[in-house]
């Protein structure tokens, strides 16, 4: 299992900022889906996804990300455009405290499949601890 905060290279000049994500520099798995959330005023996440590997990127604004590995929570303060979290393994995740204008992007190894999702925290704990 991997949970790692990343700092993406951001280059600025008088025109603005450019942040590049060279996928090969961060993961060795194929990308199946990219999505992002905007205009977020309530918490997001509150689930785990079986078999998923993911990078969360705060493209703009800020939020808090909390990740549970079956034993404990790890929390990150994330600020765009350079903060990201690489997550490989079964983690329950929650995102809160979005500032206005925050854009949170996810780069996932799996396509959406509702049957892979675990929304019940107790079920997540059972499955996470059965993997050990």
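The numbers here are math on the coordinates, done by the rules we state, and not lab data. Remember, predicted model here, so these are calculated numbers, not experimental data. Neighbour counts run over all protein chains shown; Cβ positions are idealised from the backbone, glycine included.
Some observations on this one:
- Global form of the range 1-61, assessed from the alpha-carbon gyration tensor, a/c cut-off 1.5: oblate
- Sites residue 33 and residue 62 - FRET efficiency at Förster radius 25 Å, r taken between beta-carbons, to 0.05: 0.55
- Nearest-0.05 FRET efficiency for residue 15 and residue 131, computed from C-beta distance (R0 41 Å): 0.30
- Going from the fewest other Cβ atoms within 10 Å to the most, the residues 26, 56 appear in the order 26, 56.
- Each of 110, 34 has some number of other Cβ atoms within 10 Å of its Cβ, and from fewest to most they run 34, 110.
- Length available on full extension from residue 122 to residue 69: 0.36 nm per residue minus the Cα-Cα distance, which gives 17.8 nm.
- Rounded, prolate or oblate (a/c below 1.5 giving rounded, otherwise prolate when a/b exceeds b/c) for the range 87-132 by Cα gyration tensor: prolate
- Think of it as helices only: each DSSP H run of n ≥ 4 in the chain is worth -39500 (n - 2.57), and spread over all residues that comes to -2000 deg cm²/dmol at 222 nm.
- Three-way shape call for the chain based on the alpha-carbon gyration tensor, with the a/c threshold at 1.5: prolate
- Footprinting exposure proxy for 2, 99 (fewest neighbouring C-beta atoms within 10 Å first): 2, 99
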